[in-house]
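A short worksheet on the structure shown next.
Just so it is clear, none of the values below were taken in a lab; they were calculated from the coordinates. Fair warning: this is a prediction, and the values are worked out from it, not measured in the lab. Cβ sites come from the backbone with ideal geometry, for glycine too, and all protein chains shown count toward neighbours.
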Amino acid sequence: MDNETKTYKILSLDGGGSWALIQAIALADIYGLDTKGREILKHFDLAIANSGGSIVLAGLVMDMSPKKIFELFNDEPTRRGIFVDNWINVPDFRKYSTKDKLTGLKSAFSRCPDINRKVSEINSALKIDTEIVICAFNYDRERATFFRSNTKSPTASSGNNRLKNLTLLQAVHASSTAPVKFFDDPALIPYDNPKDGNARFWDGATGGYNNPVMAGVVESLAKTPKPKNIRALSIGTGNVFLPLGAEGSDSFGLYKVPEKSYLLSDIELLARAIINDPPDAASFTAHVVLGGSLPTSSNPVTDGSVVRMNPLVQPIKAAIGAPFPWELPGFSVKEFIRLSELGLDAVDQYDVNLIKKLTHHWLAGVANNQPVRMNGETLACEIGHHKYAKALAQWQSYDTSAPPHNDDNRQKIIDTLTKK
């Protein structure tokens, strides 16, 4: 960087399938519901994404507004075009067709011819200054892979030399092929030389990058030796984090009860774990690497360089003396249990409406925000913010070019979320 005092800003977008509509809404609240995608990208030096987040990032690159990106996820035919049933499968495994997903992605971006641009051409051809990175996992090499718009990045290896013609659409397809429990086969990406056949990829979560913020920090550190100048906005796609209950107890769906261990349940648990970002993992590591303080008292650390925005499916601690220790954040028990059991492949409109309701409650401060680190027993915030409004205020203090909060914009967002 020419100016060592400049703030280097990162946008990091988690994977999460249909839940990625949350990211579109967060960007809408920060930068404007109808703001063009490339205008939003101007606020960041680097944007990194995985899976569902890569679809959001592709939308920004295609100059789609947050509203238009939200509409992609809110449209049931579009979702069903991506999650196409694979009728030959073990129950609850390999449920969807990878080949048909690519067709669905093409259809979703059918009005965006630049989706077929080479990733390496994004910055020059589309006049975008923000560096773009999309995460995937190379099935054959068994290692994480990063598709970069800046092919001269100091962090780039020479391992993708045979994929110089990789398009943005292909990168998104590779990044969004969640393994084992979801899609039947790895994504096939043709090598530049047809004689070499195809490279095969799973979702970047397989390499540990469902939340890619730490990979974004590494990219940034390679360009500036001063961690104190780096700021990261990490936007998630919703997490379920319930208080622990005792084995064999009646949880009423509000507690996480230990499960019996057997082969199929363990395989499913591992498949789920790949695509989850438990609190305290990537965001916490990035916080420490960037020089963030660690708590020394009961007061949370709220001034770290990583701002985490992510709604939690989590009961709220009830007031002292209440008949039940936990309260639900604006949901009926039936709705809450359903929401806590939803996978990334939420397709039915009823289920997506629950995600929208969670997003609404999160913006309003009814549902909790995921801190950078929380106490696993009490669920208290230790680093970061337990409420969205506080996280928003911190990010606005870092991105001074972001527009001030606008009540009209927020009301338009609420209307968008609550419209049936």
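Odds and ends about this structure:
- Neighbour-limited loop hits for trypsin sites (Lys or Arg not before Pro), region 30-119 (at most 12 other Cβ within 10 Å; DSSP other than H, G, I, E, B): Arg111
- With 30 Å as the limit on Cα-Cα distance, the pairs of Lys228/Lys357; Lys106/Lys127; Lys228/Lys356 that go past it are Lys228/Lys357; Lys228/Lys356.
- Rounded FRET efficiency, nearest 0.05, which uses the C-beta distance separating Glu335 from Arg80 and R0 of 22 Å: 0.45
- Förster-model FRET efficiency, 35 Å R0, Gln411 and Asn375, C-beta, rounded to 0.05: 0.50
- Rounded to the nearest 500, the helix-only mean residue ellipticity at 222 nm of the chain stands at -9500 deg cm²/dmol, with each DSSP H run of n ≥ 4 adding -39,500 (n - 2.57).
- Along its three principal directions, the equivalent ellipsoid of region 1-76 from the Cα gyration tensor extends over semi-axes of 23, 13, 9 Å, largest first.
- In plain terms, the chain from Val240 to Glu121 could stretch by 39.0 nm, reckoned as 0.36 nm per residue minus the Cα-Cα distance.
- Binned Cα-Cα distance frequencies in region 124-182 - 10 Å width, integer %: 19, 55, 22, 5
- Alpha-carbon centroid distance for the pair region 180-205 / region 57-106, whole angstrom: 17
- Label positions at Ser157 and Lys420, each projected 7 Å from the Cα along the C-beta direction, are separated by 5.3 nm.
- Across the chain, Cα-Cα distances exceeding 41 Å account for 11% of all pairs.
- Between the beta carbons of Val347 and Lys106, assuming R0 = 22 Å, the FRET efficiency works out to 0.75 to the nearest 0.05.
- Positive-end residue, the chain charge dipole about Cα centroid, Cβ charges, pick of Ile337, Leu163, Ala20: Leu163
- Compactness of region 42-178 is given as radius of gyration and Dmax, 15.3, 46 Å, from Cα positions.
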